[in-house]
Each structure stands twice: as structure tokens, then as C-alpha cells.
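Engineer: Encoded as C-alpha cells, here's the structure I'll be asking about.
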Amino acid sequence: MLPRGDTVVWAERGGPAVTNLPATGYMNLADIEAAARAVVPPPQWDYIAGGAADETTLAENSAAYRRIRLRPRVLRDVAQRDLTTTVLGEPIAFPVLLAPVSPLSLACPQAELLAARAAAQAGVRMIAPTQGAHTIHELAAQATAPLWFQLYPSCNRAVTEALIDQAQAAGCTALVVTLSAFYASFRERDRRSGYSVPAELWAANLLHLPGVRPDDPDFDRVLPITWADLAWIRARTTLPLVLKGIMTAEDAELAVEQGIAGLIVSNHGGRQLDGTLPTIEALPEVVEGAAGRCEVYLDGGIRRGTDVLKALALGARAVCIGRPYVWGLAWNGEAGVLRVLEQLRSELDSAMAQMGRRTIADLDR
Ligand SMILES: Cc1cc2nc3c(=O)[nH]c(=O)nc-3n(C[C@H](O)[C@H](O)[C@H](O)COP(=O)(O)O)c2cc1C
């Protein structure tokens, strides 16, 4: 067995499918989760790990992948795989994005900056959250690749406008509007621990907006928007809009009619409405509703390269991960995020080879 830190080099033919991964020690995302859990205090850990109510959806998001079986094809020339693809026309190294998570600084100091750097270095996109300890400008200054900005619309329209303008000025290339967390949910772990996130960890973007006053009663209140508000947001920006939290074909069709560029099938990582379908089971109907007229992504429960492969095969253009890169941050900062991404990339690469698929476009149901 190789000592920890050595490089595993696979088959001569096909080149090194896996590089830079230690042979022993941290084998997979579950190992990195365990390492993270050892360093994050229990109330903060529960805030990150927990879901709503009975946590059925949280558990199902991952469990559902185990019910999907693969049909490998053989004797194809898959020696050279190509995992590159595009999202909204932007080239990425492999189809895994960093989902918006707030506040990331629960994992480690400067977490948002480290994640932004890691995503750029890995050649993927980070969806930077509205709520964090650093402004979108500070994140953009660290990242050598464009960011996407996740928007929580505010009850104060001036705040929403300023957030959109800030994101655009910071060079963000897409606006991701989150629809799955307008209302409080029953996160019982947090209610039991009494943990609530301190303002310095989540309010940086809001506090730096020109003309916005923290004593405004609507300052930090998220507006539960409707389709009509969405049209207003769309008119306000030239950035492509992505809707995060679409779970049905009906809503996918309405979104397409509004000229939405992308949809993220998401139940907010099981943190909001308990009892929804796991996202991988909602994906096919959303893909059908979108009918090729916009891109469809998915998040929730992705823990293995084969999970990524299954989502792509069922019609996702790319997937996003939430908790796994938070584990990476807590365990080992920027290098931890890179390691999480590399783990998924190399597992996906191996699965593609063994499925007889050379490119992302070759994956089908
Ligand atoms: C601690 C935590 C905070 C989150 N904060 C946000 C947020 O501010 N905005 C948002 O759109 N989604 C948020 N999410 C949801 C993630 O973007 C994503 O949908 C989810 O984490 C995906 O599931 P996974 O963690 O199983 O990968 C959060 C998730 C977690 C775990």
C-alpha cells in the first residue's frame, strides 16, 4: 500500500484517471465529512448538516441514487475521456459547481474567499451567496474565474436592485434566484441547540450596499416573490437568470415562458419542505418540462462521481454540491475544497470509462 500523500496512477492506456489523490487516509467524501465533523462545534455542525422536520428529504436526496442502477457498455474506445462541458455557454472543466451556502464561515475563517479561489482553480463555477461574511466584490477579487451570484430578493426593492447591480459590477455572469427558502422551516436541530447565525457571518453584502440602512425594518427580510416579481428582476438585469428550487414540470414550463436561462432542481438540500421528492427523482419531469429550451442543473445529496453521472444521464447539464465542499473547507480550507472537487472529478472519470462513455454528451438514460 502506498503511504498517504502518494499519487495513484491508473492504467497506462487512458492515462492517469486519478491524480493527486492520496492512496490511503481520505478515500472519499464520507471520510472528509468525518474529518470535518471532528473540528466543527456541534451546534454549527448541526446547522450545516441538518434538514427540516424528520429529515426524510435530506436522507432521500442521497439514498435515491442507490436505487438507480447503471448499464455499462463495453469494447468502446474510451481511453481518452473528456469531462469538459459548458454551463450557460461558459466552459468548465467538469460538470460540478459549488452551490450557494451561507454562511460558509461556519466552516473556517475566510471560507467564501477560499471557496471562490478553489472553484476557479478547479475550473468550475461557484454560486456566491447573497449572505456571507464577505462582499461579492471581495470574492470576485480572489477568483480567477467568473462567479455566479445567488440572489435572495429583499422586501426592500432598493436592496434587491443594489444587490443585482453589485453582482453585475463584480463581473458575475449569471443571477441565481433562490425560490426554495422564502419561508421558515422546522429545522429542529437548530431549535434544540438554540443556534442562530451571527450577523457578521452573513450580512456583508447587505451592509456594503450604497444607500442601504441596517435600521430599515425590511433591511434583511427576504421577499417571497411571485412570477410577476420575477419579470421585474429579469427586466432589471442583462445577466441570464437561473431559478433555484424548481421541482415540477409545470414550473419548468412557466420558467421557460419567462425566458429563464437555467433551472436548478433543488429542495434546498432537504432543509426546507420535508417530504418532497429527492431531487434526482424530480429531475426527469423538470427536464421534460424544460424540453431543451433552457439548461437544467440539480443539487442535493451528490456524494459520489456515480451520483454525478446518474444526474447527467437523466438530463442535468451539471450538478451543484453544498455540504461536501463545506466539509472540505472545515477539514483543510482551500485545499480541502480542491480535494472534494478532485475526488468527484476522478470518480466521475472512472465511472465514465467503465460505462463506455467518452464525453459528457455521450451520457444518456
Ligand atoms: C448550511 C447550508 C446553507 C445554505 N445556504 C443557502 C443559501 O444561502 N442560499 C441558497 O440558495 N441555498 C443555500 N443552501 C442550499 C444549497 O445551495 C444546496 O441547495 C444544498 O446544500 C444541496 O444539497 P447538498 O448539501 O446535499 O449538496 C444551503 C445549504 C446548507 C447545507
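The values are calculated or read from the model by the stated rules, or taken from the named source; none is laboratory data. Just so it is clear, the structure is predicted and the values come from calculations on it, not from any experiment. FYI the Cβ positions are ideal-geometry reconstructions off the backbone, even for glycines, and counts take in every protein chain you see.
Engineer: Which residues, counting only those in region 113-133, are surrounded by fewer than 24 Cβ atoms within 10 Å (Cβ to Cβ) and more than 29 Å from L83 (Cβ to Cβ)?
Structural biologist: Selection gives Q131, A133.
Engineer: Here's a follow-up. Do we have T57 as more than 23 Å from P146 (Cα to Cα), in contact with a helix residue (DSSP H, G or I) (Cβ under 9 Å, 6 or more places away or on another chain) and modelled with pLDDT of 95 or more here?
Structural biologist: Yes, satisfied.
Engineer: Just wondering, is there one or more residues in region 299-306 that are more than 14 Å from the ligand (Cβ to nearest atom) and either touching a His at 6+ places or on another chain (Cβ under 7 Å) or within 20 Å of G245 (Cβ to Cβ) (or both)?
Structural biologist: No; the residues of region 299-306 include none that is more than 14 Å from the ligand (Cβ to nearest atom) and either touching a His at 6+ places or on another chain (Cβ under 7 Å) or within 20 Å of G245 (Cβ to Cβ) (or both).
Engineer: Determine the pairs where a residue that is on the phi < 0 side of the Ramachandran plot, located within region 94-123, has a partner that is within 16 Å of the ligand (Cβ to nearest atom) and of a type in the set (F, W, Y) with Cβ atoms under 6 Å apart, the partner being 6 or more residues away or on another chain.
Structural biologist: Listed by first residue and then by second, the contacts come to L98/Y325; S102/W202; P103/W202.
Engineer: Give region 55-80 a look and list any residue that's over 30 Å from Q272 (Cβ atoms) and not in a loop (DSSP other than H, G, I, E, B), or say none.
Structural biologist: Matches in region 55-80: none.
Engineer: Separate question: Would you check which residues across region 205-251 are within 30 Å of L106 (Cβ to Cβ) and either within 13 Å of the ligand (Cβ to nearest atom) or aromatic (F, W, Y) (or both) and list them?
Structural biologist: The answer is N205, L206, F219, D220, V222, V242, L243, K244, G245, I246, M247.
Engineer: I'm told A52 meets every condition in (1) within 16 Å of the ligand (Cβ to nearest atom); (2) assigned to a loop (DSSP other than H, G, I, E, B); (3) free of Cβ contacts under 8 Å to residues at least 12 places away in the same chain except one. Can you identify the failing condition by its number?
Structural biologist: All conditions are met except number (3).
Engineer: Follow-up. Cβ-Cβ distance below 8 Å, separation of 6 or more or different chains: which pairs start in region 224-239 with a residue that is farther than 19 Å from F149 by Cβ and end on one that is part of a helix (DSSP H, G or I)?
Structural biologist: Listed pairs, sorted by first residue: W227/L254.
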